[in-house]
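Nothing in this text is a laboratory measurement; each read-out follows from the coordinates by a stated rule. Everything numeric here is computed off the predicted structure, so don't read it as measured data. Neighbour counts run over all protein chains shown; Cβ positions are idealised from the backbone, glycine included.
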Amino acid sequence: MDNQKSAMFSSALIAGAAAGVLSGIPFINCLCCLWIIGGGMLAAHLLAKSSSVVLSAGDGAIVGVFTGIVAAVVRAFVNIPFHSFNIEFFKKMAEGLADYGGEMPSGFEGFFESGATQLTVAGFLIGLMVSAVILSGLGALGGIIGVSLFGKKPKLDKIEGVIDVPKDTGDSQS
């Protein structure tokens, strides 16, 4: 059992790091939800390869949750160098929307200059916590999908409660 736990954590670290980097880089992060679901699937695949037992959907969900948490942490740190770039991008996008959209809410012009977009420790931690909750849910979904796709299938003769019905009983009533 301890071997499966260490395999779970190593799978979650590898897949979470990959998903976190991909979801943190600008323009590639447009597929953020898919990167996290894919990371959960990758973690389930790595776990299935290293495990000798049949994995359940719960195993996939657990490894997916860990993957999402790792991805949230990695994504938060990858976003730090791109913070000013992201703010400028959103500022230009909002200005473009204001040109085409007509009247914007009052105080909109001063929002980007007021310092509300500064990176603070509290903002970083709140963003990390919210991101960890959302990404762990998406990672769990990916882990469940991954176990169903890549996990070892149970052998039907080993399942209790299955009744073996002979194919040819000798009585043919046709």
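Which of the lysines could a cross-linker bridge to residue 152, judged by Cα under 16 Å and excluding same-chain residues fewer than eight apart?
Cross-link targets: 49.
How do 78, 54 line up, fewest other C-beta atoms within 10 Å first?
54, 78
Listing 2, 99 from the residue with the fewest other Cβ atoms within 10 Å to the one with the most, what is the order?
Details: 2 6, 99 9.
In increasing order of surrounding Cβ atoms, one gets 2, 99.
Would you pull out the residues with amide H under 5 Å of residue 152's amide H, same chain only if 5 or more places away, H placed 1.01 Å from N?
Distant-sequence amide H within range of residue 152: 55.
Given Cα positions, please report Rg to Rh for the range 1-54, the hydrodynamic radius being the Kirkwood one.
Checking Rg against Rh, the ratio lands at 1.09.
Of the listed peptides 10-22, 125-137, 56-68, what is their order by residue-averaged count of other C-beta atoms within 10 Å, with the highest listed first? It would help to have the intermediate numbers written out before the result.
Values: 10-22: 23.1, 125-137: 16.7, 56-68: 24.6.
Order by mean packing, descending: 56-68, 10-22, 125-137.
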